[in-house]
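The values are calculated or read from the model by the stated rules, or taken from the named source; none is laboratory data. As the structure is a computational prediction, the values presented were derived from the model and not from experiment. In this analysis, Cβ positions are derived from the backbone assuming ideal geometry, glycine residues included, and neighbour counts consider all displayed protein chains.
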Amino acid sequence: MRLRALLLFCGVAALNDADADLIEAAGEGSVEGVLQALAHGANVNTRSSTGAETPLHLSGIACSKPVIQALLAAGADVNAHTAAGDAMSMTPLHWFVNMNPCDEEAVSLLLDAGADLDLHNSEGQTPLDMVAKITTRAHIAELLRMHAREVKWLKGEL
């Protein structure tokens, strides 16, 4: 319920109930809630009235793999940027590489779904730029480097 109060404070009240339920369920890591909201017509790429995070961004809070998979299967935009400003115009990949509960498997789900490693936030940073500064996340930085090499190899750039 604290998340619901925060969402209301941030302007989510302007959303329909299914969209608000989807945002809340994604942030709480409730796959049942996500599936129910989608079944009730929630827009998988909905945003708060402030234009900030999508449910996929917020799924990084709890980092529930089933929630991430459900959102991706429903067509979540893996490269959606948050609104510029406090959120720094970040993609879900930017969020995930910085979220402590998000591990290599969660980041890999985004990469496998087509997350673009070269997208920049409003400060000009890619996800790799951001995670490279966090010494406790070196394993995530290495995962991004390996994925970048694979993409270049597939494109014939190596």
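Within the range 112-123, identify whether any single residue is under 21 Å from V34 (Cβ atoms) and surrounded by 16 or more Cβ atoms within 10 Å (Cβ to Cβ), and answer yes or no. For the range 112-123, residues under 21 Å from V34 (Cβ atoms) and surrounded by 16 or more Cβ atoms within 10 Å (Cβ to Cβ): present.
Which of the residues that make up the range 118-135 are closer than 13 Å to T91 by Cα, assigned to a loop (DSSP other than H, G, I, E, B) and out of contact with any Ser or Thr (no Cβ under 9 Å at 6 or more places or on another chain)? Step through it out loud before you land on a result.
If we filter the range 118-135 for residues that are closer than 13 Å to T91 by Cα, which is where we start, we get 118-128, 130.
Filter once more, keeping what is assigned to a loop (DSSP other than H, G, I, E, B): 118-126.
Of everything in the range 118-135, those that are closer than 13 Å to T91 by Cα, assigned to a loop (DSSP other than H, G, I, E, B) and out of contact with any Ser or Thr (no Cβ under 9 Å at 6 or more places or on another chain) turn out to be G124, Q125, T126.
Every residue, every condition in (1) under 19 Å from V78 (Cβ atoms); (2) not small (G, A, S), yes or no:
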{"residue": "A115", "(1), (2)": "yes, no"}
{"residue": "Q125", "(1), (2)": "yes, yes"}
{"residue": "K133", "(1), (2)": "no, yes"}
{"residue": "E142", "(1), (2)": "no, yes"}
{"residue": "H147", "(1), (2)": "yes, yes"}
{"residue": "L154", "(1), (2)": "yes, yes"}
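Looking for whichever is surrounded by fewer than 18 Cβ atoms within 10 Å (Cβ to Cβ) and among the charged types (D, E, K, R) here; the options are E53, E32. Which one fits? Result: E32 is the single residue among E53, E32 that is surrounded by fewer than 18 Cβ atoms within 10 Å (Cβ to Cβ) and among the charged types (D, E, K, R).
Do we have any residue at all in the range 147-158 that's surrounded by fewer than 20 Cβ atoms within 10 Å (Cβ to Cβ) and within 12 Å of the chain's Cα centre (by Cα)?
We begin by selecting, within the range 147-158, every residue surrounded by fewer than 20 Cβ atoms within 10 Å (Cβ to Cβ); these are 147-158.
With the extra rule that they be within 12 Å of the chain's Cα centre (by Cα), the set shrinks to none.
No, that holds for no residue.
Can we say G29 is out of contact with any Leu (no Cβ under 8 Å at 6 or more places or on another chain) and over 17 Å from L111 (Cα atoms)?
On the way: out of contact with any Leu (no Cβ under 8 Å at 6 or more places or on another chain): yes; over 17 Å from L111 (Cα atoms): yes.
Against the criterion (out of contact with any Leu (no Cβ under 8 Å at 6 or more places or on another chain) and over 17 Å from L111 (Cα atoms)), G29 qualifies.
When you scan the range 1-43, how many residues do you find that are under 12 Å from P55 (Cβ atoms), modelled with pLDDT under 95 and either of a type in the set (S, T, Y) or not in a helix (DSSP H, G or I) (or both)? Qualifying residue count for the region: 1.
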